[in-house]
Amino acid sequence: MGARRTTTARPPVIGFGMSTGKACVTTIPAGHEIVIPPGGCTGWHYHRMRLEAVVLAGTLTRVLHDLTVEVHRPGTAFVEPAGTGHIHLGHNLGTEPVVLHVTPRLPEGTAFSIPTPAPSGATPEVCRQHPH
């Protein structure tokens, strides 16, 4: 397993998605509201279509396919690339819910995300591997 890099995301471009795990997806005009409770994790997944997101509350920590860690704070916007080459997970290491507004570019009724196995070098318990 290689060394992990930790970066703080800058507006306007990086990424997030949603899959299985402790999270709630609610349809709102022109997109979805994603809520990840404290301690919640999306699980490893990818998206078929590009997503655009804004963090409305809380701090989202993402682990990307290459095990890079990205931190997204309220007010940051980012883009989530599509495809199996962009698997990732998101989790909430904070004490307040993470709230995201996500605008997927996909047809109505299309699966929001596709669960996938962890990338090489990551464990299924990766959400517990990254302290505050």
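Below is a table of values for the structure above.
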{"read-out": "Ranking of ARG62, ARG73 by count of other Cβ atoms within 10 Å, fewest first", "value": "ARG73, ARG62"}
{"read-out": "Residues GLU80, GLU96, sorted so that the one with the fewest Cβ neighbours within 10 Å comes first", "value": "GLU96, GLU80"}
{"read-out": "Stretch gain in nm, segment MET49-THR95, where the contour uses 0.36 nm per residue and the Cα spacing is subtracted", "value": "13.5 nm"}
{"read-out": "Placed amide H near LEU51: partners under 5 Å, 5+ positions off or other chain", "value": "GLU80"}
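The numbers here are math on the coordinates, done by the rules we state, and not lab data. Just so we're clear, the structure is a prediction, and the values are computed from it rather than from any experiment. All Cβ positions, even for glycine, are placed from backbone atoms using ideal geometry, and neighbour counts span all protein chains on display.
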